[in-house]
Structure formats: C-alpha cells, structure tokens
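Heads up: the structure comes next, in structure tokens.
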Amino acid sequence: MAHSGPGFTGKQVWQRLMEGNMRFVQGLFQGRNLLDLRRTLAQGQQPEAAVLCCSDSRVPAEIIFDQSLGDLFVVRTAGLVLDPTSIGSLEYAVAHLHVRRFPVGDLPAGDEELARWLYLRFQEKDRLLDHFYRHGRFPEGPLPPTA
C-alpha cells in the first residue's frame, strides 16, 4: 500500500486492505523493491492503519492484507487481550503517526456492555480463525450463531 497522505478516508483505507486480502486469497502478492523501501522508511514511518491482531503466527496482518514494510502499525497480543501496553501502542499510532481511525463494528457505549461485547468477540475468535483457515479470508459479515 503506498502511503496515501491525508486524502484517504478510513473507508478507503479499509477497501485497500480488503483488496490486499483478495490478492492474498488468490496468491497474487504485489512485488516490492524492499531495498528502496527500507531507505525511504529510514526517514520515518507513516502507516495507513493500526491493526490489533492475534499473536497467532499463522495470520500475520501484513501478509493476509498483502502489505509491506511501513504500511501497517501492528499490535499483536495473545488472545487479542487489550492491556494498557496494547492500548498505549494504539493511542501512539493515532496521536503520533496519524493513522486513520475507523470503526470495524459498532461498539457498545457502557462499560458493562463493552465488556460483554469483548467477551463474546473473544469467544468468536476461534470460529473466525477456523473460517479464515478454511476459506483463506475472514467472513464479510457476522458468523451465524452456533447451535
């Protein structure tokens, strides 16, 4: 993903990530000149998005979204646990690197509702990863309820 500057909206960045995921699914990775890219990145980073993802080595965000060095600010945690360090890292990405903020889903407003929502998402994680391993991509919408 080329660094787009301030003109791209969160929705456009998300669309570019989905296009990268389709390339991943099809095995059509973009070629990159990493030597030139490393020289450019030595001047500083301007990632397009911050991604919170699982530490599972089978689903690195840079690969499943067909991105390269400097494209994503990735925070990886075991079990997608949001601890103060993870939250601080994401806050750094927004405040200092100016990555786009965009909702991936509707988050509940109250503390108890948010805790319940996060708990249910954590339970859903294994089902999402299973879908990813079987189909090579994450589902476009919510998974159907389990029986």
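What the table below lists for this structure:
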read-out	value
Global geometry of region 5-105, whether rounded, prolate or oblate, following the gyration tensor of its Cα atoms and the 1.5 cut on a/c	rounded
Among 44-55, 22-33, 64-75, 87-98, the order from most to least packed when residues are scored by Cβ within 10 Å on average	64-75, 44-55, 87-98, 22-33
Extension reserve of the E19-S57 stretch, reckoned as 0.36 nm per residue once the Cα distance is removed	11.5 nm
Local net charge near D71, Cβ-Cβ under 9 Å (Lys/Arg +1, Asp/Glu -1)	-2
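No value in this document is a laboratory result; all are computed from the given coordinates. In this text the structure is predicted, and so the values were computed from the model without any measurement. Reconstructed Cβ throughout: ideal geometry from the backbone, glycine too, with neighbour counts over all protein chains shown.
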